[in-house]
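To keep things clear, I will list the structure first and then write my remarks on it.
The values are calculated or read from the model by the stated rules, or taken from the named source; none is laboratory data. All figures in this text were calculated on a predicted structure; none of them were measured in a lab. Here the Cβ positions follow ideal geometry from the backbone for every residue, glycine too, while neighbour counts run over all protein chains shown. Quick note on the areas: whole protein, heavy atoms, side chains included, nothing else; ligands and nucleic acids left out. Shrake-Rupley method; radii C 1.70, N 1.55, O 1.52, S 1.80 Å.
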Amino acid sequence: MPRSKQTDDWSEQRRQALGKTLEDLDDRPLRFPPRAARRPLRRLRKRMLNFVFERGLETTGRQLELEHFHTERTHYGPSGWFYLRRALRKRDVAPTDVFVDFGSGKGRVVFQASRYPFARVIGVEISERLNEVARQNIERNRHRLRCQNVTFITADAASFEVPDDMTVAYFYHPFGGATFERVIANIVASLDRRPRTLKLIYACPGQEDSIEKTNRFQLVRRSRGGLGPVGLVGRL
């Protein structure tokens, strides 16, 4: 098939651009692109953190689950070790507070939250296989927990009935689209049934507009720690 004139023009422009780039490199010091330079640091940092914090747990690595093959859901990947710590201080948690992790996976954040003085900690995960791993993680480390009332619920988060005593909700970008909007609507409905202060922590935010348009939450802060992603902390 003969080449089109548009393809030839594009190829010539590309050759010229590459040639100019090579000439420019001769005159300037070699510099790594920022993203390329950060990737090895991220990998090294992640390995070090897992070595320090993963003892007695099985939460590392990405995992594909049949239940996650959906346009609005994301595959399992653990939340960062410091996301919850940066967003929530232990002294700000009362013995009556209730924590829910939406999309709890293997239970890393549920384990971390259980070391706070919560009354209850709940993980909501659509994969029963991941929930079973999470339960084993909790049982192996129960002696390290401050909150002993820990529950994992296998359910689609959109159909999960939000407890009217939930005071902290955590999201590590577990789903998007209509599912996320429905969960936020369910949280607002719970607040209507029982008005209270509620903190919403959204790590790796991708759909914060769905929260803002409810006009029910106030942005407390955005955080970025080290090489970690941006997070949102809001409250009613």
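In this structure, is residue 95 under 12 Å from the mean Cα position of the chain (by Cα), part of a loop (DSSP other than H, G, I, E, B) and not β-branched (Val, Ile, Thr)?
Taking the combined requirement at face value, the residue does not satisfy it.
Please count how many residues of segment 94-116 are aromatic (Phe, Trp, Tyr) and within 18 Å of residue 55 (Cβ to Cβ).
Qualifying residue count for the region: 1.
Here is a list: 73, 108. Which entry is open to solvent by 20 Å² or more (accessible area, probe 1.4 Å) and either among the basic types (Lys, Arg) or in contact with a Phe, Trp or Tyr (Cβ under 9 Å, 6 or more places away or on another chain) (or both)?
73
Just to be sure before I move on: is residue 114 closer than 18 Å to residue 74 by Cα and modelled with pLDDT of 95 or more in the structure I sent?
Taking the combined requirement at face value, the residue does not satisfy it.
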